[in-house]
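A quick write-up on the structure given underneath.
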Amino acid sequence: MTTPDAPMTIDGQDALIDQLVAFGWGVQHQAISREHIQALRLELDHLHEHDQLSRAGIGRGQDHQLRDDIRGDSIYWLNPAGPAQQDWLMRMEHFRQALNYSLFLGLLEFEAHFARYPAGTFYKKHVDSFRNRANRMVSTVLYLNEDWPADGGGEMVLFDEHDTDREIGRVRPEAGTLVCFLSETIPHEVLPTHHSRASIAGWFRRNASQGGRIDPAH
Ligand SMILES: O=C(O)CCC(=O)C(=O)O
Ligand SMILES: [Fe+2]
């Protein structure tokens with residue numbers, strides 16, 4: 001994990017913001033130390049072994065439903081009681097401030113969950129937020145899989161905003177790789193994984209008050 005005087009940031013933060021501005025998405029390898037990745041992975045494995053993960057669904061509130069044909073992961077919302085989770089949340093808080101400073105996005109908070117995709121599962125093409133909801137603005141995914149094999153599957157594929165069949169990027173879920181993209185514009189999918197696949201998916205939100213109701217985080 002971190003040494004006491006290590007800054008609570010991710011490596012390559014400024015380059016990532018530049019990519020986000022230029023292309024709507026960006027990727028940074030080795031965004032945090034191997035030790036921190038391992039600590040996060042241990043916390044996830046411990047939660048999994050103690051049945052703390054829940055099957056992820058689609059839709060929020062009353063529209064929430066489980067759909068194996070759309071997504072097959074199980075999740076756990078990050079909790080600062082876990083030291084490695086708290087460390088990640090603090091780094092993302094620093095990133096949030098940098099994003100606001102550079103992009104004037106007015107991001108208010110960060111929400112994130114561990115995700116575990118068992119072998120054979122996937123997440124079909126989707127966007128993380130709908131236009132004009134002013135809700136999820138920037139998506140992040142940090143991967144926690146050391147030595148992911150070349151034929152392991154489970155890549156994330158990103159698509160063009162206007163030509164949603166045109167692939168603009170493909171990322172292997174290798175430990176330490178961090179992907180960011182604009183939540184409202186970039187369609188993406190998780191290809192079927194051949195091995196159990198671990199990650200932290202997170203979103204910077206601009207809270208949208210709708211009819212006096214604050215859209216719930218999750
Ligand atoms: O795990 C990934 O690569 C992407 C996950 C994703 O798209 C999501 O949770 O919305
Ligand atoms: Fe997504």
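The values are calculated or read from the model by the stated rules, or taken from the named source; none is laboratory data. Note that this is a predicted model, so its numbers are computed, not measured. Cβ sites come from the backbone with ideal geometry, for glycine too, and all protein chains shown count toward neighbours.
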_Of everything in the range 12-28, what is surrounded by 15 or more Cβ atoms within 10 Å (Cβ to Cβ) and more than 14 Å from Phe181 (Cα to Cα)? Give them in sequence order._
Gly12
_I'd like to check something: does the range 95-110 contain any residue that is within 16 Å of ligand 2 (Cβ to nearest atom), under 23 Å from Asp68 (Cβ atoms) and buried (at least 16 other Cβ atoms within 10 Å of the Cβ)?_
no
*Of (1) closer than 27 Å to Pro187 by Cβ; (2) more than 16 Å from ligand 1 (Cβ to nearest atom); (3) of a type outside the set (Asp, Glu), Tyr101 satisfies all except one. Which?*
(1)
*If you scan the range 26-68, which residues turn out to be within 14 Å of Leu142 (Cα to Cα) and among the hydrophobic types (A, V, I, L, M, F, W, C)?*
Val27, Ala31, Ile32, Ile37, Ala39, Leu40, Leu44
*With respect to Arg91, determine if the residue is charged (D, E, K, R) and more than 21 Å from Val27 (Cβ to Cβ).*
no
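Can you name the residue in the range 156-168 that is within 16 Å of the chain's Cα centre (by Cα) and surrounded by 17 or more Cβ atoms within 10 Å (Cβ to Cβ) and is also farthest from ligand 2 (Cβ to nearest atom) among such residues?
Ranking the qualifying residues of the range 156-168, first place goes to Leu158.
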_For Thr185: the one exception among (1) surrounded by fewer than 18 Cβ atoms within 10 Å (Cβ to Cβ); (2) within 13 Å of the chain's Cα centre (by Cα)_ = (2)
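At least 3 residues that are at negative phi and touching a residue at least 60 places away in the same chain (Cβ under 8 Å) in each: list the strands (runs of 3 or more DSSP E) lying fully within the range 14-119 that qualify.
Working: elements: 25-28, 74-77, 109-117.
Of the strands (runs of 3 or more DSSP E) lying wholly inside the range 14-119, those with at least 3 residues that are at negative phi and touching a residue at least 60 places away in the same chain (Cβ under 8 Å) span 25-28, 109-117.
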*Looking at (1) within 17 Å of Ile200 (Cα to Cα); (2) surrounded by 13 or more Cβ atoms within 10 Å (Cβ to Cβ); (3) at pLDDT 95 or above, can you tell me which one His46 breaks?*
(2)
*Please verify whether the range 189-207 includes one or more residues that are surrounded by fewer than 20 Cβ atoms within 10 Å (Cβ to Cβ) and at pLDDT below 95.*
yes
